[in-house]
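Chemist: Mind looking over this structure? Questions follow.
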Amino acid sequence: MTDLVPVVTGRVVPAAPPASVRDVDAGFWHDPAARDAAVWFWVQSFGSAHTRDAYRRDVGGWFAYCDARGVPVDDARRNDVDGWRDELAAAGLAAATIHRRLAAVSSFYAYWVDEDVVERNPAANVRRPPRSREPTSITLTARQARQLLGYVDGLADTRPTVIVRLLAETGMRVGELLGARVEDLAMDDGHHILRITRKGGRGQALPVAPTTRHRITLHLAGRTEGYIVQARRPRRESASGGKLDRWYVWDLLRRVAREAGLPDEVVGSLHPHVFRASCATIAAAAGEPLVEIQRLLGHADPRTTDGYIGRTRGLAASPAYHVAALIAPDQADTPGPEGT
């Protein structure tokens, strides 16, 4: 048994976090250390570091909700989770975000139900908001991407150009970029490659264009180990261990896009995943086969890849442009999107 120590509140907490799943006791989940240990054991069941980090944050939001309302985490009920869901919706969170957070909480409880630590999963039957199958991210046109690359290539700081080039040219996820190490760069059959870890822990070698590899070499300045893009000011830029924080990358991308002169509506909607979707649409517009784009992005299902491409293709072929031209008072509107 774990030794117990009294606290001022009259409740007891474990003297130390549980060292094994067998030592986890939900009755101590009011204690942050015991709660953190339960989360740690649970997230180890996921192979992807990105998934572990995201789910850890999502469950942390649920814990904060419970603490603020006096809901015991070990004895929460469906109505409690319903209230949290409604609060998230009232705060304006996207349906996909709410869906993911509820899924994380349900997964947490399901794990401990299986381990006979809690009796019920209060999130199991909570109604989740419907998710659209259509991607919600904007995409950049080839001209906009070229404009942005031209700007960052001219900066004295080489880190922005490495970040933008790798995201835009390979369509990698921001977590994959931030986890990429110098040791993962290699040559294969005359091609520069970067080995990354996909969702689920699956490895994949991505080709790196020669110009981009040269920019990486300049950025590394002889460095042979560590993350390719590192945090220089840990307190502002790093989540932990010298790895650049993803939120810093969000801010960086919007800053350089604004400085590059991209439209305000593009700058305001820009985030790392925009480059992943844009990579797919630009490749498709250039005639690349769907299967090759799917392979580059690492999608298990081609329908996911086609979702990116089909949305933009549908916009470009929309009759709305033709109708606008036909009914325009001055007949000046030209069918087709801007920025191609």
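Quick note: the coordinates plus some simple rules give every number you see, no bench work behind them. As the structure is a computational prediction, the values presented were derived from the model and not from experiment. Cβ atoms come from the backbone with ideal geometry, glycine included; neighbour counts cover every protein chain shown.
Chemist: Taking amide H atoms as placed 1.01 Å from N in the peptide plane, list the residues 5 or more away in sequence, or in a different chain, whose amide H sits under 5 Å from that of H192.
Modeler: So H192 has HN proximity to V208.
Chemist: Given a Förster radius of 35 Å and the C-beta distance between D23 and D251 as r, what FRET efficiency does 1/(1 + (r/R0)^6) yield to the nearest 0.05? Mind dumping the intermediate values first?
Modeler: Numbers: r = 41 Å, r/R0 = 1.18.
So, using R0 = 35 Å, E works out to roughly 0.25.
Chemist: Go ahead and collect, in residue order, the members of the stretch 184-203 whose backbone nitrogen is under 13 Å from a label point 7 Å along the Cα-Cβ direction of T217.
Modeler: Residues 186-187, 192-193 fall inside that zone.
Chemist: Order 159-171, 44-56 from most to least packed using the mean count of other Cβ atoms within 10 Å.
Modeler: Values: 159-171: 22.4, 44-56: 16.5.
Packing proxy ranking, top to bottom: 159-171, 44-56.
Chemist: Please give, to one decimal in nm, the separation of the simple spin-label points placed at D301 and T224, each 7 Å out from Cα toward the Cβ.
Modeler: Computed distance between label sites D301 and T224 equals 4.5 nm.
Chemist: While we're looking at this one, here's another question. Report the extension gain between A286 and N125 in nm, rounded to one decimal, defined as 0.36 nm multiplied by the number of residues separating them, less their alpha carbon distance. Please report the intermediate quantities before stating the final value.
Modeler: Details: separation 161, 0.36 × 161 = 57.96 nm, distance 4.53 nm.
Taking A286 through N125 to full extension adds about 53.4 nm, to one decimal.
Chemist: Along the charge dipole of the stretch 116-194, Cβ charges K/R +1 and D/E -1, which of L155, V174, N121 sits furthest on the positive end?
Modeler: N121
Chemist: Ok, one more. Would you mind calculating the gained length between H273 and R146 on full extension (0.36 nm times residue separation, minus the Cα-Cα distance), in nm to one decimal?
Modeler: Details: separation 127, 0.36 × 127 = 45.72 nm, distance 1.72 nm.
So the extension gain works out to 44.0 nm.
Chemist: Now for a separate question. By per-residue mean of other Cβ atoms within 10 Å, what is the highest-first order of 272-278, 255-261? Please report the intermediate quantities before stating the final value.
Modeler: Numbers: 272-278: 21.9, 255-261: 16.6.
In decreasing order of mean packing, 272-278, 255-261 become 272-278, 255-261.
Chemist: If I stretch the segment between S137 and S45 completely, what's the gain in nm (0.36 nm per residue apart, minus their alpha carbon distance), one decimal?
Modeler: Values: separation 92, 0.36 × 92 = 33.12 nm, distance 2.95 nm.
My answer for the length gained is 30.2 nm.
Chemist: With viscosity set to 0.692 mPa s and temperature to 37 °C, compute the Stokes-Einstein D of the stretch 142-320, Rh being the Kirkwood radius across alpha carbon pairs; µm²/s, no decimals. The partial results should precede the final answer.
Modeler: Numbers: Rh = 17.0 Å.
Calculated translational D: 193 µm²/s.
Chemist: Shifting gears a bit: If you take the beta carbon distance between R159 and E265 as r and set R0 to 22 Å, what does 1/(1 + (r/R0)^6) give as a FRET efficiency, to the nearest 0.05?
Modeler: On the way: r = 26 Å, r/R0 = 1.20.
It comes out at approximately 0.25.
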